[in-house]
Every structure is written in C-alpha cells, then in structure tokens.
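Asks: Got a structure for you, questions after.
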Amino acid sequence: MAKIAASRIRDRMVVTSQGHEVGLLFDVVVEEKTGKLVALVVEPTTEEMRDLLLTDREGLVLIPFTALRAIRDFIVVDAKRVPRKIKKVGMFAKRESTV
C-alpha cells in the first residue's frame, strides 16, 4: 500500500462512489495510542450536505475511516457508511441528534 502525507490530501474533494460531492478534506482523526486513522473531517461544500450528514459542533462532517474507498484525484467514500442525520425507518424518517 502506498503512503501519502496528510498534508498532500488536505483540501482534496471528498466524493461518494456514486459521484456526489461531500466537501473538502479538512483534517483527519487519529487514535493517539495506536496511530490508526479513525475518521475524515470534511468541510461540506453545500448547506444541503451539512443538513443531511452528521456533523460536529463546527458543522464539519465526520466520516469514519472504514468508509474510505480510494485516494486519487478525489477521496472516494462509500455513501452507505457515511452517518446521516436522518435514517429511514420503514415508511418514516427518524431525525438523529447532532454530535
């Protein structure tokens, strides 16, 4: 597996595998004890994304590292693994609280 410095991927566009823009990579979260990557911190490009996806207090989207699929010209994530504020439950939608 190739190694990439975090500084080289900052401000790179994050998209879903279906091609939807999520936003620009702002930071990464690393587990201090193990050094494992935990999450991508993304600044949403639109208010729609900010309203749809789970965000922190600053309005940044938190994407678990397990959603990462590829890093090339874009950072590609699996949309099914990106936490949303609204989850469908049967015919009804359930709004989750923000972090």
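The values are calculated or read from the model by the stated rules, or taken from the named source; none is laboratory data. As the structure is a computational prediction, the values presented were derived from the model and not from experiment. Glycine gets a Cβ as well: all are built from the backbone with ideal geometry, and neighbour counts include every protein chain shown.
Asks: In the stretch 68-80, is there at least one residue being modelled with pLDDT of 90 or more, charged (D, E, K, R) and in contact with a helix residue (DSSP H, G or I) (Cβ under 7 Å, 6 or more places away or on another chain)?
Replies: yes
Asks: Pick out the one residue from ALA2, ALA93 that is out of contact with any Pro (no Cβ under 8 Å at 6 or more places or on another chain), at pLDDT below 90 and assigned to a strand (DSSP E or B).
Replies: ALA93
Asks: Using the structure shown, decide if VAL38 is under 19 Å from PRO83 (Cβ atoms) and over 9 Å from the mean Cα position of the chain (by Cα). Full working, then the answer.
Replies: Details: under 19 Å from PRO83 (Cβ atoms): yes; over 9 Å from the mean Cα position of the chain (by Cα): yes.
For VAL38, the condition - under 19 Å from PRO83 (Cβ atoms) and over 9 Å from the mean Cα position of the chain (by Cα) - is met.
Asks: A further question on this structure: Please specify each residue of the stretch 4-16 satisfying the condition of being within 15 Å of PRO83 (Cα to Cα) and either among the hydroxyl-bearing types (Ser, Thr, Tyr) or touching a helix residue (DSSP H, G or I) at 6+ places or on another chain (Cβ under 8 Å) (or both).
Replies: THR16
Asks: Considering the stretch 63-77 alone, what residues qualify as being among the basic types (Lys, Arg) and in a loop (DSSP other than H, G, I, E, B)?
Replies: Hit for the stretch 63-77 is ARG72, nothing else.
Asks: Among the residues of the stretch 61-76, write down those that are under 14 Å from ILE9 (Cα atoms) and not acidic (Asp, Glu).
Replies: First, the residues of the stretch 61-76 that are under 14 Å from ILE9 (Cα atoms): 68, 70-76.
LEU68, ALA70, ILE71, ARG72, PHE74, ILE75, VAL76, listed by residue number.
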